[in-house]
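Below you'll find the structure I mean.
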Amino acid sequence: MWAETYDLHSHSTHSDGEHPVEHVAKLMTDNGVLTWALTDHDTASGWAEASNVAKANGMTFIPGVEITCTPAHAPMEEELTRRERERASASWHLLAYFPNHVPGENDETVASFLEWLAPKQDGREPRMRAMCARLEALGMPVDVEGVLARAEGSVGRPHLAAAMVDAGYVEDKQEAFERWIGDGNPGFVPHEKPTIQEAVTAVKAAGGVTSLAHPIYYGVPVKQLIDVLKTQGINAVEAVHRSHDDAYRYELMQQATSQGLGITVGSDFHGTSYQQHPGHMPIMLEALIEQIKNA
């Protein structure tokens, strides 16, 4: 049985999304989503608001977060070429879900996870200051305080890209990433990240489950990728993502289910100005990660 009522990967102004939580929830509802996860980068600051607005809109809310980690496998040039990717992402993103947690209620295990997560979010500000300093040295001064003010929770490169557009240095956010602040470009500064194993351990200790986000970004052939996920103790893979074509989705689903892993589905919605839309993501319910399906 297939459904298009799940969207388990989205962002708000609590990280690098362009819309506040309430508007993201409305867009999800308008697009037929019944089970929604807000997965802002390295922060849970939007959970309570999202839980309340989801309930008001008749949706089931799954508290989530997208954790920025170090890669667990080196990219392979042949796979990057096959998937028409110029380079691999400098980090792997782990989606963590807490389907049994009710935001606002006392939950010591989840509180411990959030304590573990907090320094990862805090580490984004020094990195942003370093990137602004690099841009200034390149002749593009940007007010770092203004960039930080754009984020309600976790600041990210899209906030910096928006400031560069406003300053007239680039035509759009895409140009900012492709020329200046994307991985490996002159204004890029990496930041300290946990390993995948460290993140998985922290999430499991809090009763959560994990899924590797948008694997096409990492340049690892599907069979090796699924082997890595099993070795690392990850529960699922985000087989259905807006960047994946049907053939890649099918390959991921087949390999994951044959190895006993679940799958997740997400639009990775950041905002309408990116020409993105939430929902409308078909998923085979039998393969959906069990803890979320039963939430």
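The values are calculated or read from the model by the stated rules, or taken from the named source; none is laboratory data. As the structure is a computational prediction, the values presented were derived from the model and not from experiment. Cβ: placed from backbone, ideal geometry, glycine included. Neighbour counts: every protein chain shown.
Are there any helices (runs of 4 or more DSSP H) wholly within the range 215-295 with 3 or more residues that are among the polar types (S, T, N, Q), and if so which? Before the answer, list the steps.
Numbers: elements: 222-232, 246-258, 290-293.
Hits in the range 215-295: 222-232, 246-258.
What are the pairs, 6+ residues apart or on separate chains, where a residue within the range 222-246 that is on the phi > 0 side of the Ramachandran plot has its Cβ under 6 Å from a residue that is part of a helix (DSSP H, G or I)?
That search, which allows pairs on different chains as well, returns Gly233/Val200.
Might you check whether a residue that is assigned to a loop (DSSP other than H, G, I, E, B), touching a Lys or Arg at 6+ places or on another chain (Cβ under 9 Å) and on the phi < 0 side of the Ramachandran plot occurs anywhere in the range 21-42? Even if it seems obvious, please write down each step before you answer.
We begin by selecting, within the range 21-42, every residue assigned to a loop (DSSP other than H, G, I, E, B); these are 31-34, 39-40, 42.
Among the residues that remain, those that are also touching a Lys or Arg at 6+ places or on another chain (Cβ under 9 Å) are: 42.
From what's left, on the phi < 0 side of the Ramachandran plot: none.
Among the residues of the range 21-42, not one is assigned to a loop (DSSP other than H, G, I, E, B), touching a Lys or Arg at 6+ places or on another chain (Cβ under 9 Å) and on the phi < 0 side of the Ramachandran plot, which makes the answer no.
Those residues that are surrounded by fewer than 20 Cβ atoms within 10 Å (Cβ to Cβ) and either closer than 17 Å to Ser154 by Cα or of a type outside the set (S, T, N, Q) (or both), I need them from the range 183-192; list them, please.
So the first thing to find is which residues in the range 183-192 are surrounded by fewer than 20 Cβ atoms within 10 Å (Cβ to Cβ), and the list is 183-186, 188-192.
Passing the criteria: Asp183, Gly184, Pro186, Phe188, Val189, Pro190, His191, Glu192.
Here's something else I'd like to know. Looking only at residues that are in contact (Cβ under 8 Å) with a residue 12 or more places away in the chain and not in a loop (DSSP other than H, G, I, E, B) in the range 177-197, which one is nearest to His41 (Cα to Cα)?
If we take residues in the range 177-197 being in contact (Cβ under 8 Å) with a residue 12 or more places away in the chain and not in a loop (DSSP other than H, G, I, E, B), then Ile196 is nearest to His41 (Cα to Cα).
Sticking with this one: Which count do you get for residues in the range 113-149 that are surrounded by fewer than 18 Cβ atoms within 10 Å (Cβ to Cβ), free of Cβ contacts under 8 Å to residues at least 40 places away in the same chain and within 18 Å of Asp16 (Cα to Cα)?
Within the range 113-149, residues that are surrounded by fewer than 18 Cβ atoms within 10 Å (Cβ to Cβ), free of Cβ contacts under 8 Å to residues at least 40 places away in the same chain and within 18 Å of Asp16 (Cα to Cα) number 10.
Determine which member of the set Pro186, Pro190 is closer than 27 Å to Phe113 by Cβ, in contact with a helix residue (DSSP H, G or I) (Cβ under 9 Å, 6 or more places away or on another chain), of a type outside the set (A, V, I, L, M, F, W, C) and outside the structural domain of Gly266 (by TED's automatic domain parsing).
Working: Pro186 fails: closer than 27 Å to Phe113 by Cβ.
The unique qualifying residue is Pro190.
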